[in-house]
Amino acid sequence: MITITPSSTITTLIIALSLSPEHQRGILDLNRSETEQKIQYLDGFVSATFHKSLDGTLVTEYAQWASREQFQAAYNNPLFYEHIPEVQKVAKDDWDFYEVAYVDPGLTQPQGTDVMTISLEQQPATIIIIFKVDPSQQQALLTTLIEDHERDLRTLPGFQAVSFHRGLSGKRIVAYLQFKSVEEFQAVYQHPSVQAHIAACNALATSEVHLYTVDGLVTAPNASKHINTHWRQHSLSRPTEPDPLENGSSESYTIPFTR
C-alpha cells in the first residue's frame with residue numbers, strides 16, 4: 001500500500017504512456033519487472049504504482065522518490081534506462097513532476113485525515129484525469145476543482161477519495177479519484193452538478209478522463225524510511241539534460257518518447 005498526502009516532501013512523477021491495446025500487457029509486465037529487479041534498489045526510490053486503463057490505450061504510472069536529488073542520481077544510473085528503448089518502440093508519454101495540492105480521503109480514513117491510499121488488496125474504481133492548462137490558468141483550475149468538489153462532488157453516490165496534483169511545469173493538473181464501483185462513477189458522471197463542473201473546467205483547460213485498475217505496486221525494501229513516495233522507473237531516457245526543475249519546467253528533460 002502507498003499513501004498520498006499534501007504534507008509529504010516526496011518527489012512525485014505521473015507518467016501516462018499511450019499505446020495500442022495489444023501492447024498494454026507487455027509494457028506493464030516489462031516496466032514492473034524492471035522496477036522489481038533493478039529500480040527499487042536505487043537510492044531514493046520509494047514506490048511505483050502501475051495503472052491499466054480499461055480501454056487498453058494507456059499505462060499510467062504513479063511514482064514517488066524520496067527527493068529530487070536522489071531521483072536525478074538514479075536517472076544517471078544505467079540500470080534506470082536499460083529497458084527504455086523497448087518502451088519507445090510502442091508508447092508515447094505525457095509526464096510531469098507534481099506536488100500533492102489537496103486530498104479528500106472521504107470515508108476511507110478517519111475524519112480530519114489528509115491521507116489517501118492505493119493498494120492492490122482494496123481495488124475501488126480508479127479514475128485519472130489529466131488536465132492540460134496554460135500556466136496562467138493553473139491556479140484558477142485548481143481552485144475550481146477544489147471548490148466544486150467540496151461544494152457538490154464529495155457527496156455524490158459512490159465517491160470514496162480524491163487527490164489533486166499540481167504539475168510543477170505549470171502546464172498540468174492531475175485528479176486521482178476513487179469510486180466504489182465503475183457503475184456508480186458512470187452514473188454520477190451524468191449528474192447535473194458533475195456536468196456543470198466539467199463545463200467550468202473545460203473553460204480553463206483540456207482534459208482526458210480514463211478508468212483504470214491498479215495492475216501492480218512496487219515499494220522499496222526500505223520504503224518505511226521515506227514516509228511516502230511514488231515513482232516508476234522506465235519512462236525517462238538516457239541522462240543527457242540537466243535537472244528539469246532548475247528552470248521551473250519539466251519540459252527541459254529529455255524523454256525517450258515522442259511528445
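Each reported figure results from applying straightforward, stated rules to the coordinates on display, with no laboratory input. For clarity, every value in this text was computed on a predicted model and none was experimentally measured. All Cβ positions, glycine included, derive from the backbone under ideal geometry; neighbour counts span all protein chains shown.
The orientation-averaged shadow of the Cα convex hull for the range 77-177, equal to a quarter of the hull surface, comes to 8.9 nm².
Over all orientations, the range 2-252 has a Cα convex hull whose mean projected area works out to 12.7 square nanometres.
Each of Glu208 and Leu107 was given a label point 7 Å from its Cα along the Cα-to-Cβ line. The distance between the two points is 3.4 nm. You can think of it this way: the chain between Gln137 and Ile198 has 20.4 nm of extra reach, that is 0.36 nm per residue less the Cα-Cα gap.
Here the Kirkwood formula puts the hydrodynamic radius of the range 23-96 at 13.0 Å, using every distinct Cα pair. Applying the Karplus relation 6.51 cos²θ - 1.76 cosθ + 1.60 with θ = phi - 60° to the range 178-186 yields 3J(HN,Hα) values of 10, 10, 4, 8, 4, 4, 5, 5, 4 Hz, where x marks Gly and Pro.
Determine, at each q value in 0.14, 0.27, 0.28 (inverse angstroms), the log₁₀ of I(q)/I(0) that the Debye formula gives when each Cα of the range 1-48 is one equal point scatterer. Taking Cα atoms of the range 1-48 as identical point scatterers yields -0.48, -1.11, -1.13. Where in the range 162-181 does the label zone of Val188 land, with the point 7 angstrom along Cα→C-beta and an amide N cut-off under 19 Å? Correct set: 162-165, 174-181.
Taking amide hydrogens as placed 1.01 Å from N in the peptide plane, the amide H of Arg172 sits under 5 Å from those of Val133, Gly167, each at least 5 positions away in sequence or on another chain.
With a Förster radius of 22 Å, plug the Cβ-Cβ distance of Ser119 and Asp152 into 1/(1 + (r/R0)^6) and report the FRET value to the nearest 0.05.
Values: r = 28 Å, r/R0 = 1.26.
With a Förster radius of 22 Å, E is 0.20.
Phi angles across the range 35-43 convert, under the Karplus curve 6.51 cos²θ - 1.76 cosθ + 1.60 with θ = phi - 60°, into 3J(HN,Hα) values of 5, 5, 8, 10, 5, 5, 8, 6, 4 Hz, Gly and Pro given as x.
Ranked by the mean number of other Cβ atoms within 10 Å of their residues, highest first, the peptides 209-220, 37-48, 60-71 fall in the order 60-71, 37-48, 209-220.
Residues whose amide H comes within less than 5 Å of that of Asp215, counting only those at least five positions distant or on another chain, are Phe50, His51, Lys52 (H built at 1.01 Å from N in the peptide plane).
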